[in-house]
């Protein structure tokens with residue numbers, strides 16, 4: 001059973017908590033990936049053992065949780081290099097589509113929106129402990 005088959009029935013809120021995107025966005029990403037997959041496999045080649053949905057889910061989990069490729073690959077039953085290749089392919093195709101790319105630095109500077117930045121100091125500091133008698 002594919003991992004996507006287990007998570008597609010989650011509620012919208014739970015699905016977003018897991019993947020970071022809504023069902024609608026996930027489906028749009030899958031369509032872009034499907035189109036590229038058809039172009040890529042036009043001349044033949046070995047089919048991927050993971051579905052488009054599982055490859056996208058793998059890439060989103062990697063980006064969301066910052067786990068290593070080794071740990072993500074163990075969740076999907078593939079090798080670490082296969083996990084890496086799939087995640088890079090998903091990222092490149094989505095960026096190349098232009099629909100899911102971020103604005104560049106120059107575009108952000110031209111924008112009239114003001115951003116408020118909050119800096120959190122997460123450095124360690126010693127705590128006071130009571131002395132033992």
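Just so it is clear, none of the values below were taken in a lab; they were calculated from the coordinates. Not measured: the values here are computed from a predicted model. Neighbour counts run over all protein chains shown; Cβ positions are idealised from the backbone, glycine included.
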Looking across the stretch 19-42 at residues that are assigned to a helix (DSSP H, G or I) and touching a residue at least 24 places away in the same chain (Cβ under 8 Å), the single one that is farthest from the chain's Cα centre (by Cα) is 36
Taking the stretch 70-81 and keeping residues assigned to a helix (DSSP H, G or I) and crowded, with 19+ Cβ neighbours inside 10 Å leaves 72, 73, 76
Against the definition (surrounded by 10 or more Cβ atoms within 10 Å (Cβ to Cβ), over 16 Å from residue 3 (Cβ atoms) and free of Cβ contacts under 8 Å to residues at least 40 places away in the same chain), how does residue 84 come out, yes or no? yes
With the requirement that a residue be surrounded by fewer than 12 Cβ atoms within 10 Å (Cβ to Cβ), in a loop (DSSP other than H, G, I, E, B) and within 14 Å of the chain's Cα centre (by Cα), what does the stretch 87-101 give you? 101
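Could you list, in sequence order, all residues of the stretch 1-14 that are part of a helix (DSSP H, G or I) and closer than 12 Å to residue 53 by Cβ?
3, 4, 5, 6, 7
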Considering only residues that are out of contact with any helix residue (DSSP H, G or I) (no Cβ under 6 Å at 6 or more places or on another chain) and surrounded by fewer than 14 Cβ atoms within 10 Å (Cβ to Cβ), which ones fall in the stretch 13-26? 13, 14, 17, 24
